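**Q** First, the structure itself, so that you have it in front of you.
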Amino acid sequence: MPFSTRELLARLLMCEADGEGYTGMQAVASVIVNRTNVPYGEFSRISNGGDMRAIIQQPYQFTCMLDTVGGVYNPQNIYNMNPQDIHYEIADWAIGNNTLGAVANSLFYFNPFKPTCTQYFPSNGTGEFHTRIGQHCFYIPTAKYAKT
């Protein structure tokens, strides 16, 4: 049986940002909400008018949605997560169209596994560094993103 959007989001939050605490998980959820609501570019087409599930399931956007990475089984995936109340609480918050002001309109995030964040992410320059929360760097869209 497929997961509901709420269950899918709770599992994704646990998998992608559980170690970042409440604010870190809200920040990641905010990127998903921002992608769902952005009125132009790639994510606007993917969300097709606000479909959060389509954003979550867009291929190759979230490592936790992949069964394999580099041809090797990925044990850190949503199917191996057992969300707790906190994950559902943040999922409900995000489904209610809430976002964390600290990440502004960020559409991208990643963990660089180093103390500094690159100025642009992804490498095509569609996101520019905005802030860091915990181990994750958050990126707001550049003018280049509008052409995606």
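The values are calculated or read from the model by the stated rules, or taken from the named source; none is laboratory data. What you see is a predicted model, and the numbers here were worked out from it, not measured in a lab. Cβ placement follows ideal geometry from the backbone for every residue including glycine, while neighbour counts extend to all protein chains displayed.
**Q** Out of the helices (runs of 4 or more DSSP H) lying entirely within the stretch 1-47, which hold 3 or more residues that are hydroxyl-bearing (Ser, Thr, Tyr) and either within 15 Å of Gln58 (Cβ to Cβ) or in contact (Cβ under 8 Å) with a residue 40 or more places away in the chain (or both)?
**A** 21-37
**Q** Kindly evaluate Ala54 against the criterion of being in contact with a strand residue (DSSP E or B) (Cβ under 8 Å, 6 or more places away or on another chain) and in a helix (DSSP H, G or I).
**A** No; evaluated as a whole, the condition is false for this residue.
Per-residue answers, yes or no, for (1) modelled with pLDDT of 95 or more; (2) among the acidic types (Asp, Glu); (3) more than 15 Å from Glu16 (Cα to Cα):
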{"position": "Glu42", "(1), (2), (3)": "yes, yes, yes"}
{"position": "Met52", "(1), (2), (3)": "yes, no, yes"}
{"position": "Ile86", "(1), (2), (3)": "yes, no, no"}
{"position": "Ala91", "(1), (2), (3)": "yes, no, no"}
{"position": "Phe108", "(1), (2), (3)": "yes, no, no"}
{"position": "Pro112", "(1), (2), (3)": "no, no, no"}
{"position": "Thr118", "(1), (2), (3)": "yes, no, yes"}
{"position": "Phe121", "(1), (2), (3)": "yes, no, yes"}
{"position": "Thr126", "(1), (2), (3)": "yes, no, yes"}
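**Q** Which residue out of Asp67, Asp18 is over 14 Å from Ala91 (Cβ atoms) and either out of contact with any helix residue (DSSP H, G or I) (no Cβ under 8 Å at 6 or more places or on another chain) or not small (Gly, Ala, Ser) (or both)?
**A** Of Asp67, Asp18, the one residue that is over 14 Å from Ala91 (Cβ atoms) and either out of contact with any helix residue (DSSP H, G or I) (no Cβ under 8 Å at 6 or more places or on another chain) or not small (Gly, Ala, Ser) (or both) is Asp67.
**Q** Of everything in the stretch 90-126, what is of a type in the set (Gly, Ala, Ser), in contact with a helix residue (DSSP H, G or I) (Cβ under 7 Å, 6 or more places away or on another chain) and closer than 19 Å to Gly41 by Cβ? Give them in sequence order.
**A** Selection gives Ser106, Gly125.
**Q** Failed condition for Arg35, given (1) modelled with pLDDT of 95 or more; (2) over 10 Å from the mean Cα position of the chain (by Cα); (3) among the charged types (D, E, K, R), with all others met?
**A** (2)
**Q** Conditions: (1) touching a residue at least 60 places away in the same chain (Cβ under 8 Å); (2) hydrophobic (A, V, I, L, M, F, W, C); (3) touching a Cys at 6+ places or on another chain (Cβ under 9 Å). Phe121 meets all but one. Number of the miss?
**A** For Phe121, the failing item is (1).
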